[in-house]
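Peer 1: Have a look at this one.
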């Protein structure tokens with residue numbers, strides 16, 4: 001392979017790993033690890049396990065969807081654009097997963113098992129579940145497992161507070177709805193009929209704020225003690241994002257998605273501030 005071809009393939013792999021979500025989830029979980037009390041080496045291990053898992057999921061997604069993306073003429077996809085081959089992306093996905101296994105168990109046996117269940121669920125979503133009424137399940141399980149993965153890897157293996165797990169799971173459900181919303185029409189056209197596609201765009205737009213605001217409420221009211229001024233301000237901000245996303249949905253199909261990102265960012269801040277409730 002010439003230098004130009006290699007550079008093009010690497011560029012295609014970088015784009016096909018879904019770099020936005022990969023970087024965001026890796027950064028979030030690493031920050032959670034720090035907030036929960038991991039030392040530097042523990043936080044680096046958490047970051048490496050999450051990064052390899054997310055890379056494997058992103059590459060798996062693009063490889064599995066290659067035929068549908070080609071049929072839909074989605075030229076923004078690296079495989080469709082000819083930047084990288086399907087086989088290369090498949091091999092990269094499997095290689096990343098192979099690295100993810102020992103890195104996950106290096107964080108602790110229980111923590112590793114929890115993380116690998118989440119990654120396996122994401123692969124199941126790519127391979128089959130995304131086109132079924134259970135498309136929401138891998139997101140709920142995957143996000144909900146993150147606080148458990150982070151805390152059970154600490155000395156003594158403490159569990160996070162129940163409300164941290166429930167809030168993370170609700171955040172996952174909102175992420176699923178917001179992620180799918182802009183592409184519902186294209187998905188239906190190529191035969192992908194997951195839970196959001198069956199609900200339809202208007203119902204999904206209305207539903208998106210519910211789990212996200214539910215996560216906000218849990219993170220504000222469930223921890224012991226009265227909410228502080230920062231918590232109240234965060235809840236107010238999340239509510240504004242939620243209402244705006246629904247009220248302004250007619251302006252653009254991207255508005256509810258952008259509002260969901262804003263609401264999710266507030267929830268992530270609340271989750272980080274809580275330290276995932278270790279020992280609560």
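Peer 1: Do the sum for the chain: with -39,500 (n - 2.57) for every DSSP H run of n ≥ 4, divided by all residues, what is the mean residue ellipticity at 222 nm, to the nearest 500 deg cm²/dmol?
Peer 2: Mean residue ellipticity, 222 nm, calculated: -24500 deg cm²/dmol.
Peer 1: Expected output is a single nm value to one decimal: the length gained when fully extending between residue 98 and residue 23, i.e. 0.36 nm times separation in residues minus the C-alpha distance. What is it?
Peer 2: Fully extending the segment from residue 98 to residue 23 adds 25.1 nm.
Peer 1: Sticking with this structure for a sec: Shape of the chain from its Cα gyration tensor (a ≥ b ≥ c, root eigenvalues): rounded if a/c is under 1.5, otherwise prolate when a/b > b/c, or oblate? Write out the running numbers ahead of the final one.
Peer 2: Values: a/c = 2.02, a/b = 1.18, b/c = 1.72.
Because a/c hits 1.5 or more and a/b fails to exceed b/c, the chain counts as oblate.
Peer 1: I would also like to ask the following. Order of 132-138, 61-67 by packing, highest average Cβ count within 10 Å first?
Peer 2: The densest-packed peptide leads the list: 61-67, 132-138.
Peer 1: Which shape class applies to segment 67-186: rounded if a/c is under 1.5, otherwise prolate when a/b exceeds b/c and oblate if not, where a ≥ b ≥ c are the square roots of the Cα gyration tensor eigenvalues?
Peer 2: Verdict is oblate for segment 67-186.
Peer 1: Among 79-86, 42-49, how do they line up by average Cβ neighbours within 10 Å per residue, starting with the highest?
Peer 2: Ranking, from highest mean packing down: 42-49, 79-86.
Peer 1: How would you order 165-177, 261-273 from highest to lowest mean count of nearby Cβ atoms within 10 Å?
Peer 2: Top to bottom by mean Cβ count within 10 Å: 165-177, 261-273.
Only the coordinates and a few stated rules stand behind these numbers; no lab work does. Bear in mind that the values here come from a model prediction, so they are computed numbers and not experimental data. With ideal geometry, Cβ positions are generated from the backbone for all residues, glycine too; neighbour counts draw on all protein chains shown.
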